Ligand code: IMP
């Protein structure tokens, strides 16, 4: 396998990710059977995780998309860009928000607040990665997260640095 020069090391391999996604898919299948949930992908970082996860959920579901952005290079810009008018129709629905990573939690806490204003029947947040040591919104957690990591900047499997590396099949530590 050819590893780009900017990747310091592989943190999670394709196989490790596959295993976690299958486990989570199984859990969500049990939880949402018969409920026709709406899985909402937070663009763009969650797109690869989302496409694998929905195929690991073996019950009928629908999909939606919502776009946010906050990072410039490897630094959080501080602000969160998200347009509430672009939230899919979630009123009365069982909604599962699918995100790539929780870092400061500014993004997801804002997204959660926005979504709750639209009266879903239930709201669950699942994420691929969690960096608890970077948290700025106190006590904010996902309902499910696949991997907890230290304060590292990671790319691959949908995560980027300036739009690059999203297509790596593994999650790697970025060499700044
Ligand atoms: P938060 O608002 O600080 O929790 O940041 C969430 C967003 O920042 C995520 O959706 C990612 O797009 C981006 N982000 C945070 N950490 C990383 C990282 O290590 N690699 C790539 N993107 C990251």
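Pairwise over distinct Cα atoms, reciprocal of the mean inverse distance: report the Kirkwood radius of the chain in Å, one decimal place.
16.4
Say R0 is 30 Å: what FRET efficiency, to the nearest 0.05, do residue 137 and residue 13 get from their beta-carbon distance?
The pair residue 137/residue 13 has a calculated efficiency of 0.45.
Restricting attention to the alpha-carbon atoms of the range 1-41, what are Rg (one decimal) and Dmax (integer), both in Å?
Cα only, the range 1-41: 15.7, 47 Å (Rg, Dmax).
Of the DSSP beta bridges with both residues in the range 68-176, give the percent that are antiparallel, rounding to the nearest 5.
Rounded to the nearest five, the antiparallel share is 40 percent.
Where does each of 61, 23 land when they are ranked from fewest to most other beta-carbon atoms within 10 angstrom?
Ranked by crowding around the Cβ, least crowded first: 23, 61.
Give me 68, 104, 29 ranked fewest to most by other Cβ atoms within 10 Å of their Cβ, as a rough exposure proxy.
The fewest-first ordering by Cβ neighbours comes to 29, 104, 68.
Any idea what the relative contact order of the chain is, in percent, if you count C-alpha pairs under 8 Å spaced at least 6 apart?
26
To the nearest 500 deg cm²/dmol, what mean residue ellipticity at 222 nm is calculated for the chain from DSSP H runs of n ≥ 4 alone, each contributing -39,500 (n - 2.57), summed and divided by the residues?
-7000 deg cm²/dmol
Fewest first, what order do 94, 130, 143 take by the number of other Cβ atoms within 10 Å?
143, 94, 130
In Å, the Kirkwood hydrodynamic radius of the range 135-176 over pairs of distinct alpha carbons?
Kirkwood hydrodynamic radius for the range 135-176: 11.8 Å.
Report, to two decimal places, the Cα Rg of the range 1-94 normalised by 2.2 N^0.38 Å (N = number of residues).
1.32
On the Cα set of the range 97-176, report Rg and Dmax in Å, please.
Values for the range 97-176 (Cα only, Rg and Dmax): 13.4, 42 Å.
Values quoted throughout were computed directly from the atomic coordinates according to the rules given, and no laboratory measurement underlies them. This is a predicted model, so every value here is computed, not measured. Reconstructed Cβ throughout: ideal geometry from the backbone, glycine too, with neighbour counts over all protein chains shown.
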